[in-house]
1. Under a point-charge model restricted to the Cβ atoms of Lys and Arg (+1) and Asp and Glu (-1), what is the dipole moment magnitude of region 1-108 relative to its Cα centre, in debye to the nearest 20?
2. Calculate, in nm to one decimal, what Ser90 and Asn137 gain on full extension: separation in residues at 0.36 nm each, minus their alpha carbon distance.
3. Run through region 37-121 and list the GluC sites (Glu not before Pro) located in a DSSP loop whose Cβ has at most 13 other Cβ atoms within 10 Å.
4. Using 1/(1 + (r/R0)^6) with R0 = 22 angstrom and r between the beta carbons of Lys74 and Gln32, what's the FRET efficiency to the nearest 0.05?
5. Tell me, in nm to one decimal, what length is gained between Phe48 and His83 on full extension, where the rule is 0.36 nm per residue of separation less the Cα-Cα distance?
6. If you filter region 3-65 for GluC sites (Glu not before Pro), then keep DSSP loop positions with at most 10 other Cβ within 10 Å, what is left?
7. Could you order His83, His10, His61 so the one with the most accessible surface comes first? Probe is 1.4 Å.
8. Which whole number of Å³ per residue matches the convex hull of the alpha-carbon atoms in region 45-117?
Amino acid sequence: MKESEGNPLHLKSINHISLLCKSVEESIDFYQNVLGFFPIRRPGSFKFDGAWLFGYGIGIHLLQSEKLENLPKKGEINPKDNHISFQCESMGAVEKKLKEMEIDYVRAVVEEGGIQVDQLFFHDPDGFMIEICNCDNLPVIPLGGEVSRSCSQLNLPIMQQQQIHQLV
């Protein structure tokens, strides 16, 4: 069996997500002051407006949209829309802060096997969906195994090794 079968592209982690925005400055303010990301140096060789931010082990690359009319319109908050999710320490503290900042949000709850996960969904300035949750409550259970871990303690290389050994 090939060593890379459980990870054919030899991936290590998510590096960044790129988001088109109508105003790089407004988006920097949101990602910095609402979500706690911090600006980092962006290569000077780029010939277009943008900004890079970093936090929680991932980057957010903001790109100034050249055609504002092509950006999606900020609409109803729909938890089933494309989104990025962040785990938090206290859902109560997050909800209190969103209210103080007058950011509209939608609450949702997922229940599975007596375990409850609380979720808050809201938009960034360009309508991209953000989720804040206590997803650590829900164990990650591989379909082919008995191992169970929370998301923040998940060790993908160990899980991949276990899958390889189960196949052998």
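1. The calculation lands at about 200 debye.
2. 15.7 nm
3. Qualifying residues, ordered by number: Glu66, Glu76, Glu89, Glu102.
4. 0.65
5. The Phe48-His83 span can extend by a further 10.1 nm.
6. Filter output for region 3-65: Glu3.
7. From most accessible down to least: His10, His83, His61.
8. 159 Å³
The values are calculated or read from the model by the stated rules, or taken from the named source; none is laboratory data. What you see is a predicted model, and the numbers here were worked out from it, not measured in a lab. Neighbour counts run over all protein chains shown; Cβ positions are idealised from the backbone, glycine included. Quick note on the areas: whole protein, heavy atoms, side chains included, nothing else; ligands and nucleic acids left out. Shrake-Rupley method; radii C 1.70, N 1.55, O 1.52, S 1.80 Å.
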